[in-house]
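Heads up, the thing below is written out as structure tokens.
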Amino acid sequence: MVFILGVNFPERSLVKKSLENFFGIGPATSARLMARFYIHPTCKVAQLANKQVLDLTAALSEMRIENDLRRKVLDDIKRMRETGSNRGRRHALGLPVRGQRSQNNINTAIKLNRVDRKL
């Protein structure tokens, strides 16, 4: 097991997929991090040197990921609701926010925005 930011990853998993397990890190960010520390895209976690693990941990600790990012997103939604913007109202009602059709495709938005209405 290899620990990155206090999370242990199996040794046979790919580094790219392990990085993408963190909230706020997608394929592009993980590829950029791997290129920055000269890690091959098919490299497994067990093949990383200790220095690479420490460098990855240091880089991830500087980024806004996991709980910090979740808190920021919720604060942004709360701010939009308080100012009464159109996006804030649609968040509060559980409707699609980014211009999707609401006649047919509203069911998914209602499922996803249900948590936000209780704030």
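Side notes on the structure shown:
- Against the numbered list (1) surrounded by 13 or more Cβ atoms within 10 Å (Cβ to Cβ); (2) in contact (Cβ under 8 Å) with a residue 40 or more places away in the chain, residue 61 comes up short only at (1).
- When segment 70-119 is filtered for residues that are among the polar types (S, T, N, Q) and either under 19 Å from the mean Cα position of the chain (by Cα) or modelled with pLDDT of 85 or more (or both), the ones remaining, listed by number, are 83, 85, 86, 113.
- Some residue of segment 17-27 being polar (S, T, N, Q) and more than 21 Å from the chain's Cα centre (by Cα): no
One line per residue, one yes/no per condition, for (1) of a type in the set (Lys, Arg); (2) under 21 Å from residue 9 (Cβ atoms):
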site	(1), (2)
39	no, yes
52	no, yes
60	no, yes
72	yes, no
83	no, no
88	no, no
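- Some residue of segment 65-78 being in contact (Cβ under 8 Å) with a residue 40 or more places away in the chain, part of a loop (DSSP other than H, G, I, E, B) and in contact with a helix residue (DSSP H, G or I) (Cβ under 8 Å, 6 or more places away or on another chain): no
The values are calculated or read from the model by the stated rules, or taken from the named source; none is laboratory data. Since the structure is predicted, the reported quantities are computational estimates derived from the model, not experimental observations. For neighbour counting, all protein chains shown are included, and Cβ atoms are generated from backbone atoms with ideal geometry for every residue, glycine included.
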